[in-house]
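Right, one structure below, let's go through it.
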Amino acid sequence: MSHGANHMTQSEPNRRSEPLIKVKGIVKNFGAFTAVDNVDLEIYRGELFSILGASGCGKTTLLRILAGLESPSSGTVFVDGIDITNLPPYERPVNMMFQSYALFPHMTVAHNVAYGLKRDGVAKPELWKRVDEILDMVELSDLSKRKPHQLSGGQRQRVALARALVKQPKVLLLDEPLAALDKRLREQTQFELMRIQEQVGVTFVVVTHDQGEAMTLSDRIAVMDCGRFVQIGSPSRLYEFPKNRFIASFIGSVNMLAGQVVRCDGTLCTIYIPSHDSHFEVEHGEYLDKGAAIWLAVRPEKIRISQTSPTSDMPNQILGIVDDIAYTGNMSTYRVRTEAGDVLEVTHPNQSRAKDSQLVADWGDTAHLCWAPSDAVLFSE
Amino acid sequence: MRGKRSLFLLSALSFGFAFLYVPMAVLIFYSFNYSKLVPVWGGFSTRWYRVLFESEEMWAALTLSLKIATVNATVATLLGALAGLTLSRAGHFKGRTLFAGMVSAPLVMPEVITGLSLLLLFITLSNLIGWPSERGMTTITIAHITFSLAYVAVIVQSRLAGVSQDLEEAAQDLGGKPFRVLIDITLPLLMPALAAGWLLAFTLSLDDLVIASFVSGPGSNTLPILIYSRIRLGLRPDINALATMIILVVSIGVFVAGWLLLRQQRLRDQEAQLATADSNGK
């Protein structure tokens, strides 16, 4: 159940145009196991769309259905208004970049990239011109005569990308495109992918298990769990207005408190949290029944932490003791044990280099926590 | 303690090698014996080599064996590759388990049984439809193909298990129709397995005595059949000369193969170094 999101405006793609990809009621069964369970999806032209989920949630199966490598048990797939559900992979206006890259080991980089164009019967001069152009774009022109085993991981990834893009597909499917790269290269490559997507204007559909990657890359994200979509929206929408507890804890970290509705007037709710024996105020755009059980969720960076007591007119105050500090350079994460005994996570940026002001509180210090009524979210399940 | 153990290991090693190679050394040694009696030294001579090279019977047997081995290896590789491809790439089809079992059955079937049953088949066929009219090269070749293809199928299957299906899917995704993908991607990647399968089928055929002697006819002696029938008449020095020649050919083959493998390995290492050097420089 969603609460609190309705009064917000959101950045959504251009809805005036028809969606480029339309997935209707797709089901995929493997024996008794349902990998994809009645999924509907619309992806718009030029979008960088991510399907995010833990392993085994059905995201790769869905991608393979889009590529034509798996046929759905029921449902239809439209690309650009044409039903492609029963088209074999080699007749679809869609190309895929495999997680393993699947580079042909017996062909050079140039021939790997040229393979798709050859199968399309593109004439020789035109073909090699396009291969050169795309290799130039991914900065691999110097290595075009190498075989895949003579390349580093990052170079292989770029060959796979070039090979999938050179046919100028309507849609590029990317299965965990960055998973095989080490951390630093992955961060560079994220921006590289976004640059290339902008340059070629092809619609990207990325499957990933890495929520940070999905947040950085995507225009919109669909979070998948047990073969179904839980929520589809822009990264900021998923982060700030998660639909339920699953989304809130799957994307980023969150502090969750169980309580009851005391009062609710459609803009502001008062929540009683029994474990703290205190009341909290949350801005909330919907009416809630008095006495209803509810979860109050607040992100670690939305909580203000200080050693001095905030002014008494600030609502939502909690007193606690710093249990643990994780210093990560740009910020510190404080684990504060409250009087009620639960632990809240609070992050605070390390804005100054001065030694004393690096930490707002030290181990064992008393800390005052508070947050604005607009910074918490309520879930009714 | 340490010294004792290493002495034990050393003597075990020498004994093992002696067991393997002394008989061959003795055989080579006596092939240069002038005497007609194999175990009696009568001075150095290449007399038996001359006898060997002048023996038309020997040449005929060698030619027949090589012909059968070549045809067998080629047909068995073709059929075995098809069987291997079906087993590892066709997914689940009705009767797959039965097919898999029947393809690999010749691997475990005693040769005597295979030979006998094939002989019965050929006799029955000959009575029913008049073919094969006589047993000889054709029947031996067919018999060899039946068991060689099982070996090829196993080799192809295990190689395909190591080739990611992603490659074939990627080729299809890029616009390759299934047959095109087989030619462009699967077959080139199978080449090492096909070469190994061909060589194995060739060797198996060249080596086979039991099955061949069941289905051979008068006047169609393969080399193993000839050697065996000669031995039955008593040890003769020209057989020693023949054995020496075979040992020589096999040794050269093994050395060349080893050298080629080593060279390929060095080349790969160099290329791998090149790749890492590049990515570090970037």
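The values are calculated or read from the model by the stated rules, or taken from the named source; none is laboratory data. Just so it is clear, the model here is predicted, and its values are computed rather than measured. Cβ placement follows ideal geometry from the backbone for every residue including glycine, while neighbour counts extend to all protein chains displayed. Just the protein is used for accessible areas: all its heavy atoms, side chains included, with ligands, DNA and RNA removed. Shrake-Rupley method; radii C 1.70, N 1.55, O 1.52, S 1.80 Å.
Which residues does the label zone of A:H149 cover in region B:184-205, counting backbone N under 12 Å from a point 7 Å along Cα→Cβ?
What the label zone holds, given the 12 Å backbone N cut-off, is B:192.
Charges at C-beta only: +1 for Lys and Arg, -1 for Asp and Glu. How large is the resulting dipole of region A:253-379 about its Cα centre, in Debye rounded to 20? Could you put the intermediate results ahead of the total?
Numbers: 9 positive and 17 negative charges, 51 e Å.
With Lys and Arg at +1 and Asp and Glu at -1, about 240 debye.
If you put +1 on each Lys and Arg Cβ and -1 on each Asp and Glu Cβ, how big is the dipole of region B:58-220 around its Cα centre, in Debye rounded to 20?
Values: 8 positive and 9 negative charges, 51 e Å.
My answer is approximately 240 debye.
Using the Karplus curve 6.51 cos²θ - 1.76 cosθ + 1.60 with θ = phi - 60°, what ³J(HN,Hα) values do you get for each residue of region B:107-119, in whole Hz, with x for Gly and Pro?
5, 9, 6, x, 4, 4, 5, 4, x, 4, 5, 5, 4
Kindly state, to the nearest 0.05, the FRET efficiency for A:T308 paired with A:S55, given R0 = 60 Å and r defined as their beta-carbon distance.
On the way: r = 46 Å, r/R0 = 0.77.
Efficiency, from the Cβ-Cβ distance: 0.85.
Positive end of the dipole of the protein assembly as shown, charges at C-beta (+1 Lys, Arg; -1 Asp, Glu), about the Cα centre: which of B:G95, B:W48, A:F98 has its Cα farthest in that direction?
Value computed over the given set: B:W48.
Using a Gaussian network model of chain B with C-alpha springs under 10 Å, which one of B:T77, B:T141, B:T203 is most mobile by mean-square fluctuation?
For chain B, modelled as a Gaussian network with Cα springs under 10 Å, the answer is B:T203.
Would you please state which residues of region A:294-314 a label at A:S352 would reach in this model, taking the label point 7 Å out along Cα→Cβ and a backbone N cut-off of under 11 Å?
None, by backbone N distance to the label point.
Using the crude model of +1 on Lys and Arg Cβ and -1 on Asp and Glu Cβ, and no other charge, please compute the dipole size for region A:21-249 relative to its Cα centre, in debye to 20.
Numbers: 29 positive and 26 negative charges, 82 e Å.
So the magnitude is around 400 debye.
If you keep only loop residues by DSSP, which trypsin sites (Lys or Arg not before Pro) in region A:251-326 have at most 14 other Cβ atoms within 10 Å of their Cβ?
Numbers: sites: A:R263, A:K290, A:K302, A:R304; in loops: A:K290.
Those that pass, being in a loop and sparsely packed, are A:K290.
State whether region B:82-205 is rounded, prolate or oblate according to the following rule on the C-alpha gyration tensor (a ≥ b ≥ c being the square roots of its eigenvalues): a/c under 1.5 gives rounded; otherwise a/b larger than b/c gives prolate, and the remaining case gives oblate.
Working: a/c = 2.36, a/b = 2.24, b/c = 1.05.
Note, shape of region B:82-205 comes out prolate.
Please sort by residue number the chymotrypsin sites (Phe, Trp or Tyr not before Pro) in region B:1-56 whose DSSP state is loop and whose Cβ has at most 15 other Cβ atoms within 10 Å.
Those that pass, being in a loop and sparsely packed, are B:Y34, B:W41.
Classify the protein assembly as shown as rounded, prolate or oblate, taking a ≥ b ≥ c as the square roots of the eigenvalues of its Cα gyration tensor: rounded when a/c is under 1.5, otherwise prolate if a/b is larger than b/c and oblate if not. Walk me through the intermediate numbers first.
Numbers: a/c = 2.90, a/b = 2.32, b/c = 1.25.
Note, shape of the protein assembly as shown comes out prolate.
What order do B:L261, B:L242 take when sorted by accessible area (1.4 Å probe), most exposed first? If you can, show how the numbers build up before the last one.
Working: B:L261 115, B:L242 20 Å².
Of B:L261, B:L242, the descending order of accessible area is B:L261, B:L242.
How much length is gained if the chain between B:A60 and B:S251 is pulled fully straight, taking 0.36 nm per residue apart and subtracting their Cα-Cα distance, in nm to one decimal?
On the way: separation 191, 0.36 × 191 = 68.76 nm, distance 2.36 nm.
Fully extending the segment from B:A60 to B:S251 adds 66.4 nm.
Report the FRET efficiency, 1/(1 + (r/R0)^6), for A:V343 and A:L268, where r is their Cβ-Cβ distance and R0 is 30 Å, rounded to 0.05. Show your work: numbers first, answer last.
Values: r = 27 Å, r/R0 = 0.91.
With R0 = 30 Å, the Cβ-Cβ based efficiency is 0.65.
First measure r as the distance between the Cβ atoms of B:L82 and B:E134, then evaluate 1/(1 + (r/R0)^6) with R0 = 30 Å and state the FRET efficiency to the nearest 0.05. Could you put the intermediate results ahead of the total?
Values: r = 30 Å, r/R0 = 1.00.
Efficiency at R0 = 30 Å is approximately 0.50.
Roughly how many whole Å is it from the C-alpha centroid of region A:164-193 to that of region B:73-138?
Distance between centres, Cα-based: 49 Å.
Distance cut-off 25 Å, Cα to Cα: go down the list A:K22/B:K94; A:K118/A:K147; A:K124/A:K147; A:K183/A:K302; A:K59/A:K170; A:K59/A:K302 and report the pairs above it. Walk me through the numbers on the way to the answer.
On the way: A:K22/B:K94 36 Å; A:K118/A:K147 18 Å; A:K124/A:K147 21 Å; A:K183/A:K302 27 Å; A:K59/A:K170 20 Å; A:K59/A:K302 31 Å.
The pairs that break the limit, which is 25 Å between Cα atoms, are A:K22/B:K94; A:K183/A:K302; A:K59/A:K302.
Give, in nm to one decimal, the length gained when the segment between A:D277 and A:W128 is fully stretched (0.36 nm per residue of separation minus the Cα-Cα distance). Spell out each step's value before the answer.
On the way: separation 149, 0.36 × 149 = 53.64 nm, distance 7.26 nm.
Working it through step by step, the gained length comes to 46.4 nm.
Could you order A:C57, A:C264 so the one with the most accessible surface comes first? Probe is 1.4 Å. All intermediate terms of the calculation are to be shown ahead of the outcome.
Values: A:C57 5, A:C264 25 Å².
Of A:C57, A:C264, the descending order of accessible area is A:C264, A:C57.
Any idea how far apart B:A161 and A:H106 come out in nm if each label point goes 7 Å out from Cα toward Cβ?
Taking the two extended label points, one gets 2.2 nm.
Counting only heavy atoms of protein chains, what accessible area per residue, in Å², does region A:253-379 have with a probe of 1.4 Å?
Values: 6610 Å² over 127 residues.
Normalised by residue count, the accessible surface of region A:253-379 is 52 Å².
Calculate the spin-label point distance for B:W41 paired with A:D80, positioning each point 7 Å from the Cα along the beta-carbon direction, and give it in nanometres.
So the two model labels end up 8.8 nm from each other.
Pick from A:T203, A:T311, A:T216: which is most flexible by mean-square fluctuation in a GNM of chain A where alpha carbon atoms under 10 Å apart are linked?
A:T311
Compute the Cα gyration tensor for chain A, then decide on rounded, prolate or oblate, letting a ≥ b ≥ c be the square roots of its eigenvalues: rounded whenever a/c is under 1.5, prolate when a/b is larger than b/c in the other cases, and oblate in all that remain.
Here chain A falls in the prolate category.
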